1. For residues in segment 217-254 being in a loop (DSSP other than H, G, I, E, B) and open to solvent by 10 Å² or more (accessible area, probe 1.4 Å), which is modelled with the lowest pLDDT?
2. State which residue pairs qualify: first residue free of Cβ contacts under 8 Å to residues at least 60 places away in the same chain and inside segment 177-196, second residue of a type in the set (Phe, Trp, Tyr) and part of a strand (DSSP E or B) in any location, beta carbons under 6 Å apart, and separation of 6 or more residues or different chains.
3. May I ask you to list the residues in segment 76-121 that are farther than 21 Å from Val61 by Cα and either touching a Pro at 6+ places or on another chain (Cβ under 7 Å) or at pLDDT 95 or above (or both)?
4. Quick one: in segment 51-96, of everything that is buried (at least 18 other Cβ atoms within 10 Å of the Cβ) and aromatic (Phe, Trp, Tyr), which residue is nearest to Pro244 (Cα to Cα)?
5. In segment 1-50, how many residues are in a loop (DSSP other than H, G, I, E, B), within 23 Å of Arg91 (Cα to Cα) and open to solvent by 40 Å² or more (accessible area, probe 1.4 Å)?
6. Would you pick out the residues in segment 129-155 that are outside any helix (DSSP H, G or I) and surrounded by 17 or more Cβ atoms within 10 Å (Cβ to Cβ)?
7. Can you give me the number of residues within segment 62-75 that are assigned to a loop (DSSP other than H, G, I, E, B) and either among the charged types (D, E, K, R) or modelled with pLDDT under 95 (or both)?
8. Please tell me if Thr166 is under 15 Å from Trp19 (Cα atoms), open to solvent by 10 Å² or more (accessible area, probe 1.4 Å) and within 15 Å of the chain's Cα centre (by Cα).
Amino acid sequence: MTAIARAVTENFVVAQRLWTQSDPILARRYGLANATRRGVVCFSAASFPEPFGDLAVGFGVRRPPTRGVLDVVLARYAELQLTPRIALLGRLASRAAARRLRDAGLREAEPQHHVFVRPGRAAPRVILEPHVAIERVAARESAPLAFLAQSGFGGGGPIVEYFTRTRVAMLRDHPRTAVAVRATRDREPAGSGIVIVTSGAASLWSGSVLPAHRGHGIQRALIAERVRIAIARGSRACFSLAEPGGRSARNLRAVGFRDLGPLRVFTT
């Protein structure tokens, strides 16, 4: 197992905790919890309105992929009366881990996202269009940043409330770990993104651009700035999840990320 695989996995665990536990009131409302079983962090969601916050992370990385480890993880979800969903991060995961899961009768769900990784510490170079600027956002500005991010995604209902409040709490209470950047075009807010830096790696989340400002290289610039922040804080690898073939995937590739295959989820 490579050092990058370990660092990315540890960062993914931290990111999952921030996305599920930053607002304790909402975590209790939706039954979002996590418990570590033989090194595997078992995230669970009792009543979230869509699939979210219910992955087991670290199988085959934080501990060898033995049947004993797997049995303890499966027992945790059986105790909660929830369906297990065990995640493997693309080609960062070992073949032995996938083989162990298949041999135990688990099936691989249809993948939705691929794992994109950018190793190394060379800062990316992106040329900004005139009148486009990228700036880091102070923790005290977490609320307007969270609303800007959600405006880029659109939608409504309890999902919007959850992620808006979670972004606010994450950026306000964990300013050394979660850093936000904002893009402006002609001095108007145009887009934003978050980078989570820990364990020698960084992950890119919540990147969005307002519809009126798309097509001007803003998403690519937001990616590059978050990578620069990660490198400045000592990260030896950055990663992000994206739909293969989509706009986000193309922009990640343009900034030096490589597609390491799907986020594989094994379930019963």
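1. So, considering only residues that are in a loop (DSSP other than H, G, I, E, B) and open to solvent by 10 Å² or more (accessible area, probe 1.4 Å), the one modelled with the lowest pLDDT is Gly245.
2. Within 6 Å, the pairs are Ile194/Trp205.
3. Across segment 76-121, the qualifying residues are Ala78, Glu79, Leu80, Gln81, Leu82, Thr83.
4. Step by step, filter segment 51-96, then rank; the result is Phe59.
5. Residues that pass the stated criteria total 3.
6. Keep residues of segment 129-155 that are outside any helix (DSSP H, G or I), which gives 129-138, 154-155.
Those that are outside any helix (DSSP H, G or I) and surrounded by 17 or more Cβ atoms within 10 Å (Cβ to Cβ): Val132, Ile134, Val137.
7. Final tally of qualifying residues: 2.
8. On the way: under 15 Å from Trp19 (Cα atoms): yes; open to solvent by 10 Å² or more (accessible area, probe 1.4 Å): no; within 15 Å of the chain's Cα centre (by Cα): yes.
No; evaluated as a whole, the condition is false for this residue.
The values are calculated or read from the model by the stated rules, or taken from the named source; none is laboratory data. Keep in mind the model is a prediction, meaning the values are calculated, not measured. Because the Cβ atoms are built from the backbone with ideal geometry, glycine has one as well, and the counts that use them run over all protein chains shown. Heavy atoms of the whole protein, side chains included, go into the accessibility calculation; ligands, DNA and RNA do not. Shrake-Rupley method; radii C 1.70, N 1.55, O 1.52, S 1.80 Å.
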